[in-house]
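Take a look at the structure set out below.
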Amino acid sequence: MNDTISAISTPVGEGGIGIVRMSGTDVKRIIDDIFSPAGEILTADKKLVYGKIVSAGEIIDEVLVSFHPKPNTYTREDIVEINCHGGVIPLRRILMLTLEKGARLAEPGEFTRRAFENGRIDLSQAEAVMDLVVSSTNLSAAAAVRQLRGGLKEGIERLRSRLLDILAEIEAVIDYPEEDLPAVNEDLLPEKLKVISREIINMLADGERGRLIREGAEMVIVGLPNAGKSSLLNHLLQRKKAIVSDIPGTTRDIVEEDFNLNGIPVRLADTAGIRETGDIIEMEGVKLARERAQAADLILHIIDGSKKLSKEDVTLSALPQKGLTLINKNDLPQGFSLGDAKKFFVNRPPLQISLVDGKNLELLDKMLEQQLLGSNIKETEPPLVTNIRHLECLKNANNSLSDALSALQNGMPYDIISIDIKDAWNSLGSITGLGSPTEIIDHIFRRFCLGK
Amino acid sequence: MYLAGKYDVIVVGAGHAGCEAAFAAAQMGKKTLVLTISIDAVALMPCNPSVGGPAKAHLVREIDALGGMMAKIVDKAAIQIRRLNTGKGAAVQALRAQDDKKIYHKEMLSALTETKNIELRQALVEEIVVKDGQLQGVVTETGAFFCSGAVIVTTGTYLRGKIVIGETQFSSGPSGYRPAANLTKSLQKLGFSLQRFKTGTPPRIAKSSIDFSKMAIQRGDSEGRGFSHWQERIPQREELPCYLLYTNADTHRIIAENVSRAPLFSGSIEGRGPRYCPSVEDKVMRFSHRERHQVFLEPEGWDNPEIYVQGMSTSMPEDIQEKMIRSLEGMENARFIRPGYAIEYDALDPLQLKPSLESKIINGLFFAGQVNGTSGYEEASAQGLIAGINSVLHLDNKKPLILDRSQAYIGVLIDDLITLGTAEPYRMMTSRAEYRLILRHDNADIRLTEIGYKLGLISEGQYQQYLSKAERIKKAADQLLCLEITPKEQIITKFEMFGAGTLKGPISLEKLLRRPQLTYNHIRELNPSLPVLSEDEAREVEAQIKYAGYIQKQLRQIEQFHKNEKREIPEDFNFNRIKGLSGEALEKLQKVQPISLGQAARISGVTPADSVVLLIALEKLGRQSR
């Protein structure tokens, strides 16, 4: 059977249900690794099983999963389908998680291609399939090239050419051991590889920014009951959605809303107030809120500034995500000073606001955007890497470089290290679509004077 | 014209490709005729007296593993053998031999004449005879018609050969032998297209006129290890050293001042030369920042007054050549025996060949060696062997032997030639092999001997030798996996001497062998119950264990690779009828006529989308025929 491929198989719409579909040898192993069923365990009977997708203890989404063993499937291979309801962000995370666990991102039309290759589609469908696959392959190729915006192509080519230099040096020494060539400088090699790796990591970080712009960010409002969460939600949405009242614990379910923050789609979730409580319904809500906060890109931690700092707020301040600590009710006498708050809230900078008289609310919007995009990046510069395939290739390239570095550390010989470097070089090449099998040899002869 | 004889296979040319082709065909039971321009030019080494080096040595080992001749003759004629790349990993280590050219020729000649089924004859072939599309045989310049069902053309650099030395030009084969002036016309008439290639050689200098005292000596270091799998050590003989010296500012000045007289730059050479063997004028002009270039002095044999000046290949006028050579330290009084020269010759566009090396136009007509656009003795021999084998399989109506890129450098070589073609003489390099780690110098027999045995080229004795080697390797590897060592005092003392870290708890021998400083024999010292292995065998075990992760990775890639190689394209497949191919892909596919989807995908100009179109068309065809 084939290696395992994975893709989001329904058109991605905002807030819609999406499916991550995998096909191939390892689907069962991968799903067992990331899926924790709530009750029934996943069996080969194609039933939908309810549970959670979990990564390193963090819950990514609640899902319905079905396992379809071969051969009576679309591709005639084992198939797993993960139905997610949490929108585009968890969908994407789940896809990335399957890739991390060993699946490969499916080529355009690859499920159909496999169905065809494995004899699933009959002859009369062949022509139609051909048109479909060819047009999708060509289209996606064109799209991929279009997505090579701005400096990305140059950036990748610059890294490729540095790797090519290193490869040519190694390969020349291997193929011409008796020539008067400069020896490969083994002391410099790790540093050279590390520099390239760092640049790839930067591109990947930049890619994360691109992802936010393309697919949106998940933002969660947390705080104690009655700190002003729902008012904040209403302010951000500019309309009333949640019931706003003075009775603590009104928001028991999670209220979600999409909005646009200066061009960035944001899904905002208001959680039940977090406080130890005896109310069973509310306990559920609090649990949900905690889980939700852990999965978010951004946290808005709202505090009632008119009171002393509570134990729960201290706990919440330890959540590691970016975001803001909003000290609300600045129109009332304050329970602690801004200076103290600044010393205390290190993960998320504090800002004193008042949702009653509107103090600092404009500043809040600006700071939010800054938090989302990273303040160190100029606003005019669009993100370079937005294509998930490109991200995947960059990740592969970086993994190969790490392999090369550890091979170097373990005293592996050149011909081994060269395998990893070549892999990294090829991964980068598949982004720009450049490169030919003779490129290394051509480069060797351009750079070095060789031969009898 | 008269009928001079009937044969199964006729080999045109008795160079490195021709000899291997003839041996293979004869050993596989076919009555084989070898025609050569001169009996004295059998297995001639017209360029350097050296065989092997990375990738090239791999080819020689593979030829040997399949039952070919080259390695055995190289070992017999070796005046010294060196190990190269010893510090660079198992995949790229290789031997290189300096050989006595006359002994090489003599040994190959007597092997040819002693082999059953081979007839060797001096004759200049002028025509390939084809009647109604059927191959008939060949006709020589004296009107002899030799009839056969298969012909293998191995004309090397003889086809319309032209030697250039400065302003002087004349028709000639290599080393002053006659050229084959008319065969090109016959090939063109049959529909073959040829290209003009060029190569060159340095001057030969009288040994007695050189002062070696100031030069660095280079000796062999293989300790009796040779190329052939079938003898453990080659008999000890007196070794001849080589010498290393450098060009200098004077040499470069002489070249620069006279570059207008260099045929390469004046335009009187039209042929494409290899980047792999540039002439010294080329090196000096293209890499003008280099202050010096290496020059090796290589003796051409024991009882041979000629010294080959490696690094000084040139087609400069003779007077300039003398000045250049005499500018080298220790060569101030150099006496010339032969001048360096460039040679131009006709070579076939290899895209006209099938992977079996049979031509696409004429059934039974094979091409091998330098005529296919390669450079090097090793590349020629490898093709000769495959063409010889496949000529027999063709006569017997059997499927041809096609080695793929994951099996052998020979497979890489032929696949490159017939899939990509070549615009310059092609040299084998390890960088061309994507599965380099699997294609090791040491495991050629493990990879290929089974195939050679089935073809009848490997004797029963050799086969048994191979089987027991494979068995010993497997046994050792298995034992390493299941045995453990506990750090007792005695063991620790021994271990500390290896300088490979410390031993803490019990550890499997396999894990221990992964430490870079340790060899199989180290481990055996700790646990003498492991089998005694030869050097080759121990290295094989070490490679398998030390690089296991990488080997596994390449094996997985090979699995993927085979999927597309196994999707065969029928020989009469009509690419024209497929909808959706790009224009460029269609043109290339029609020209190359790939035999598999994998090969098709390697053609430049065939995009992934084209491969998908092709895949679907093939699948459709397959289902229709089912």
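Observations on the structure shown:
- With eigenvalues of the C-alpha gyration tensor scaled by 5 and rooted, segment B:299-444, Å: 38, 18, 15
- You can think of it this way: the chain between B:Val532 and B:Ala548 has 3.6 nm of extra reach, that is 0.36 nm per residue less the Cα-Cα gap.
- In sequence order, calculated HN-Hα J values of segment B:72-79 (Karplus, 6.51, -1.76, 1.60; Hz; x Gly/Pro): 4, 5, 4, 5, 5, 9, 6, 9
- The modelled label-to-label distance between A:Gln334 and B:Ala216, using points 7 Å beyond Cα along the C-beta direction, is 7.6 nm.
- Full extension of the chain segment joining A:Phe344 with A:His235 gains 36.6 nm, where the gain is 0.36 nm per residue of separation less the Cα-Cα distance.
- Separation of the B:Glu496 and B:Ser604 label points, Cα + 7 Å toward Cβ, nm: 6.1
- Computed log₁₀ I(q)/I(0) - Debye formula, equal Cα scatterers, no solvent, chain B, q 0.05, 0.08, 0.12 Å⁻¹: -0.25, -0.63, -1.29
- Whole-Hz ³J(HN,Hα) from phi, Karplus 6.51 cos²θ - 1.76 cosθ + 1.60, for segment A:414-429, glycine and proline x: 4, 5, 7, 4, 4, 4, 5, 5, 5, 4, 4, 4, 5, 4, 5, x
- Three principal axis extents of segment B:131-181 based on alpha-carbon atoms, in descending order, are 45, 19, 18 Å.
- For trypsin sites (Lys or Arg not before Pro), the sites in segment B:391-428 that DSSP calls loop and that have at most 16 other Cβ atoms within 10 Å are B:Lys398.
- Chain B, relative contact order [Cα under 8 Å, separation at least 6], %: 16
- Modelled FRET efficiency - R0 35 Å, B:Ile39 with B:Ser209, Cβ distances, 0.05 increments: 0.65
- Longest DSSP-loop-exposure-free segment, GluC sites (Glu not before Pro), chain B, at most 16 other Cβ within 10 Å: B:333-570
- Placing a pseudo-label 7 Å from each Cα along the Cα-to-Cβ vector at A:Arg446 and A:Val356 gives an inter-label distance of 7.1 nm.
- Ratio Rg/Rh [Cα only; Rh per Kirkwood] for segment B:95-144: 1.18
- Between the amide H of A:Arg104 and those of A:Thr4, A:Ile5, A:Ser6, distances stay under 5 Å, these residues lying 5 or more places away or on another chain, with hydrogens modeled in the peptide plane.
- Built amide H within the under 5 Å cut-off of B:Gly200, gap 5+: B:Ile343
- Average 1/r across all pairs of distinct alpha carbons in segment B:39-81, invert it, and you get the Kirkwood radius: 11.3 Å.
- Over chain B, dividing the summed -39,500 (n - 2.57) contributions of all DSSP H runs of at least 4 residues by the number of residues returns a 222 nm mean residue ellipticity of -11500 deg cm²/dmol.
- Tail beyond 18 Å, pair distance distribution of segment B:262-314 (Cα, percent): 44
- Flagged links, alpha-carbon separation over 32 Å, of A:Lys422/B:Lys475; A:Lys70/B:Lys399; B:Lys72/B:Lys354: A:Lys422/B:Lys475; A:Lys70/B:Lys399
- Rg to Rh quotient for segment B:235-284, alpha carbon positions, Kirkwood Rh: 1.19
- Ordered from longest to shortest, the equivalent ellipsoid semi-axes for segment B:237-359 are 28, 22, 14 Å, each the square root of 5 times a Cα gyration tensor eigenvalue.
- Segment B:Asn564..B:Ser260, full-extension length gain: 104.3 nm, with 0.36 nm per residue of separation and the alpha-carbon distance subtracted.
- Using alpha carbons only, the radius of gyration of segment A:12-78 set against its Kirkwood radius gives Rg/Rh = 0.97.
- Applying 1/(1 + (r/R0)^6) with r as the Cβ-Cβ distance of A:Glu186 and A:Lys366 and R0 = 51 angstrom yields a FRET efficiency of 0.55.
- The equivalent ellipsoid that matches the C-alpha gyration tensor of the protein assembly as shown spans semi-axes of 67, 33, 29 angstrom, in descending order.
- Along each principal axis, Cα extent of segment A:289-379, largest first, Å: 37, 29, 23
- For segment B:259-271, Karplus couplings with θ = phi - 60° (6.51, -1.76, 1.60), whole Hz, Gly/Pro x: 5, 5, 8, 7, x, 4, 9, 7, x, 7, 9, 9, x
- Environment charge at A:Glu107 (Cβ cut-off 11 Å; Lys +1, Arg +1, Asp -1, Glu -1): +3
- Cα-based convex hull, segment B:510-626, per residue volume (Å³, whole number): 171
- Test item: Cα-centred dipole of the protein assembly as shown, Lys/Arg +1 and Asp/Glu -1 on Cβ, debye: 500
- Computed E for B:Lys185/B:Leu483 - FRET, C-beta separation, R0 56 angstrom, nearest 0.05: 0.25
- Amide proton proximity set for B:Val129, modelled H, under 5 Å, gap of 5+: B:Gln136, B:Gly137, B:Val138, B:Val139
- Legend: residue pairs B:Lys30/B:Lys454; B:Lys30/B:Lys102; B:Lys563/B:Lys588; B:Lys31/B:Lys591; B:Lys56/B:Lys198; B:Lys189/B:Lys360, Cα-Cα distance threshold 25 Å; pairs beyond threshold, B:Lys30/B:Lys102; B:Lys31/B:Lys591.
- Computed Kirkwood radius, in angstrom, where 1/r is averaged over Cα pairs of segment B:40-152: 16.7
- Each Cα pair under 8 Å and six or more residues apart adds its separation to the average, and for segment B:200-325 the resulting relative contact order is 39 percent.
Computed from the coordinates by the stated procedures, all read-outs in this text should not be read as laboratory data. Note that the structure is predicted; figures quoted are calculated from it, not measured. No Cβ is skipped: glycine too gets one built from the backbone with ideal geometry, and neighbour counts run over all protein chains shown.
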